[in-house]
1. For region 164-198, name all the residues that are over 30 Å from Ala260 (Cα atoms) and not hydrophobic (A, V, I, L, M, F, W, C).
2. Out of Arg166, Arg149, Arg107, which single residue is at negative phi, buried (at least 18 other Cβ atoms within 10 Å of the Cβ) and either within 23 Å of the chain's Cα centre (by Cα) or not in a helix (DSSP H, G or I) (or both)?
3. Just to be sure, is Glu32 touching a residue at least 40 places away in the same chain (Cβ under 8 Å), within 14 Å of ligand 1 (Cβ to nearest atom) and buried (at least 16 other Cβ atoms within 10 Å of the Cβ)?
4. Just checking, which of Asp87, Asp62 is under 27 Å from Lys352 (Cα atoms) and away from ligand 2 (no atom under 16 Å from the Cβ)?
5. Looking only at region 82-93, count every residue that is out of contact with any helix residue (DSSP H, G or I) (no Cβ under 6 Å at 6 or more places or on another chain) and either over 19 Å from Leu210 (Cβ atoms) or surrounded by fewer than 18 Cβ atoms within 10 Å (Cβ to Cβ) (or both) and tell me the total.
6. Which count do you get for residues in region 83-97 that are under 22 Å from the mean Cα position of the chain (by Cα) and assigned to a strand (DSSP E or B)?
7. If a residue has to be within 16 Å of ligand 2 (Cβ to nearest atom) and not in a loop (DSSP other than H, G, I, E, B) to count, how many in region 34-59 make the cut?
8. Looking at Val223, Val127, which is the one that is crowded, with 21+ Cβ neighbours inside 10 Å, touching a residue at least 40 places away in the same chain (Cβ under 8 Å) and outside any loop (DSSP other than H, G, I, E, B)?
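The values are calculated or read from the model by the stated rules, or taken from the named source; none is laboratory data. Predicted model, so just to flag it, every value in this text is computed and none were measured. Virtual Cβ from ideal backbone geometry, glycine too; neighbours counted across all protein chains shown.
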Amino acid sequence: MKTQVAIIGAGPSGLLLGQLLSRQGIDNVILERKSGEYVLSRIRAGVLEQGMVDLLREAGVDARMNEEGLPHDGVELAFDNRRVRVDLAGLTGGKTVMVYGQTEVTRDLMEAREAIGGTTIYEADNVQPHDLETDAPYLTFEKDGETVRLDCDYVAGCDGFHGVSRQSIPKDRIREFEKIYPFGWLGLLADTPPVSDELIYARHERGFALCSMRSPTRSRYYVQVPLDEKVEEWSDERFWDELKRRLPEDVAAKLVTGPALEKSIAPLRSFVVEPMQYGKLFLVGDAAHIVPPTGAKGLNLAASDVNTLYRLLVKVYHKGRTDLIPNYSRTCLKRIWKAERFSWWMTSLLHKFSDEEGFETRMQQAELDYLTSSEAGLKTIAENYVGLPYESLE
Ligand code: APR
Ligand code: PHB
């Protein structure tokens, strides 16, 4: 087999890149280790920045999002049994975010790819990149017991944190930066009306909690839990009780509970690899970086990498601008590090780090009090939350 751009991974990064490239006449093939149903069964993020919304529009996959997505022009911070609204639109000159689940984005992208006849090979085992530093890179993979070779010009590594792309770069050619947090998030999805029209990020002595949603009838809630916690030890009832204890009383009183559709624990991690390219391989999205979910930046960063690589490849194929290739990593990393900072900072501000109420706790309290009583403080949160501008390649 032969293509121009071989894409590893059919998550949001790989599918969005494929869709954008196909619309520009750039041939691409996606190889995905799992089945399409498996990819769609994962419950992930749900807040899209304006930049990602615009990119989905450019990719022509905005019809259902326009119908069903929920534009949000504010979020709330809860602490000390009270709530403070961050007026996203008012503080950023009108910018907003869109609440629309990653699962739905993925489904829309899969349908669009099918409609244009793009090739996605699901259940492709043992994908391996070869000769990445030459002008004739290729991938091999196993499908139905046969080894297949895919020749290409470039490889986009969109295969997430545990994928093969990053691992195929020699260790002495990259540097990894990592911070592991001593807790995880236990998430619950339920067909209950969201407790509030806007997201609520809550700091509490018992730990962080988040009230989010997927639609007017579907809620997504999270509570901070210790890293060694087992999801089986959390009955629905225990989850709802714990959530209520961490929310301001007026919010807890309104919370509608119901059976969980899904419950899972995710660890929190900050991770970046530098550089994000090696020969003909470009790393995109979770393959290159992870943020803790507190700022809702993971999916959005994946979209900004896709934006950069897409614009780069269009210039390469349509204008012969191979001179721009070395700029990919630098362009992406500028924005990534700022989102890493915001996600780490929001995490530090809102989570419980120790059982002792000591100096750090007082710092969190003072910082929250300061931020929420200062226009400059609120603006800092708002402009990062709605998403910093995309960087340009030149
Ligand atoms: N070969 C082929 N496919 C692979 C391989 C491999 N060796 N390893 C992983 N994959 C596939 C996974 O099965 C998955 O479908 O790559 C895909 C990667 O998708 P995601 O993990 O969703 O990563 P990405 O597309 O970059 O999405 C951005 O940011 O913060 C998160 O929630 C957000 O998951 C979202 C991500
Ligand atoms: C979610 O709805 O899953 C969600 C929302 C905001 C976050 C993290 C997750 O910061």
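1. Within region 164-198, Ser165, Arg166, Gln167, Ser168, Pro170, Lys171, Asp172, Arg173, Arg175, Glu176, Glu178, Lys179 meet the criteria.
2. Every option except Arg166 fails the conditions.
3. Yes: the conditions hold for Glu32.
4. Asp87
5. Residues in region 82-93 being out of contact with any helix residue (DSSP H, G or I) (no Cβ under 6 Å at 6 or more places or on another chain) and either over 19 Å from Leu210 (Cβ atoms) or surrounded by fewer than 18 Cβ atoms within 10 Å (Cβ to Cβ) (or both): 6 in total.
6. Residues meeting the conditions: 2.
7. Selection size over region 34-59: 8.
8. Val127
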